[in-house]
Amino acid sequence: MKKILLVLSSPRGMQSHSHQIAQRIVEDLRSHHAGAEVVVRDVARKPLPYPDEAFVNGLFTPPEKRTPAELTAIETSDALVDELAAADIVVLAVPMHNFGLPAALKSWIDHVVRAGRTFSYSADGAVGLLKGKKAILVVSRGGIYSTGPMKAFDFQESYLRSILGFIGISDVHIVRVEGVAMGADALTSALSSANAQAEEAVREIA
């Protein structure tokens, strides 16, 4: 049985193009893997606490010496790491906000990218601990950022590839939904292209 983790991050909910395409991808994956378990983590609808002083202090304090606030902060992070570690396939639905990620998704990343849990240090540098997983990133943008003059402003896709690779998830497939704010024809074209990319991504990893 495959385990699929779907992380949603748009405040627009299911009106979001990234959410719609990501949901379709999960449904297609389930059609290839009967009985697949799907865990949905909607960080926009249920925001995570931002890492604070209790979180940072808790990371460097033995469990038996942590304060109640530190215990709560680390327990939240541990639960998110466990959820990610248990998944075979990770699907992230990510709208572009100010050329980057929604703050809610960045908070999730800050909870799950942890020394000793998802990466470790060796004599040769950092080593990702979540190898063997596959990821599909559904990135939506109002404009065109994969090519052309705005490509240099894309800190969304490059960051996600880098941070996932850092924790060992290097088998990453990108589904771009871009140009959705450039008129009705552009939106139709963007969704058609994204659906075709989604089908290909599922075929490659299913």
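Rule-based calculations on the coordinates, nothing more; no lab input. Keep in mind that what you see is a predicted model, and the values were worked out from it rather than measured. So basically every Cβ, Gly included, is an ideal-geometry build from the backbone, and we count neighbours across all protein chains shown.
Derived from the Cα gyration tensor, the three semi-axes of the equivalent ellipsoid of the stretch 105-206 are 30, 16, 11 Å, largest first.
Pick from Ser162, Ser18, Ser77: which residue has the top mean-square fluctuation in a GNM of the chain where Cα pairs under 10 Å get a spring? Result: Ser162 has the largest fluctuation of those listed. In summary, the convex hull built on the alpha carbon positions of the stretch 6-70 has an orientation-averaged projected area of 6.6 nm². GNM on the chain, alpha-carbon springs under 10 angstrom: the most fluctuating residue among Lys106, Lys133, Lys46 is Lys46. Distances over 18 Å make up what percent of all Cα-Cα pairs in the stretch 1-124? Looking at the stretch 1-124, the distances longer than 18 Å represent 58 percent of pairs. Measuring spread by the Cα atoms of the stretch 65-116 yields a radius of gyration and Dmax of 13.3, 41 Å. Directionally averaged projected area (the stretch 138-177, Cα convex hull): 2.8 nm². Beta bridges from DSSP with both residues in the chain: antiparallel share about 15 percent, rounded to the nearest 5. Take every Cα-Cα pair in the stretch 96-156 and report what % of them are more than 14 Å apart. That fraction is 69 percent.
Axis angle, to the nearest 10 degrees, between helix 17-32 and the longest C-alpha principal axis of the chain: 80 degrees. Return the percentage of antiparallel bridges among DSSP beta bridges fully within the stretch 107-196, rounded to the nearest 5 %. Roughly 30 percent of the DSSP beta bridges within the stretch 107-196 come out antiparallel. Site pair Ala181 and Glu200 shows an inter-label distance of 2.6 nm when each label is modelled 7 Å from Cα along Cα→Cβ.
So what's the angle, to the nearest 10 degrees on a 0 to 90 scale, between helix 157-166 and the longest Cα principal axis of the chain? The two axes meet at around 40 degrees. Rounded to the nearest 500, what is the chain's calculated 222 nm mean residue ellipticity when only DSSP H runs of at least 4 contribute -39500 (n - 2.57) each, over all residues? Result for the chain, helices only: -13000 deg cm²/dmol.
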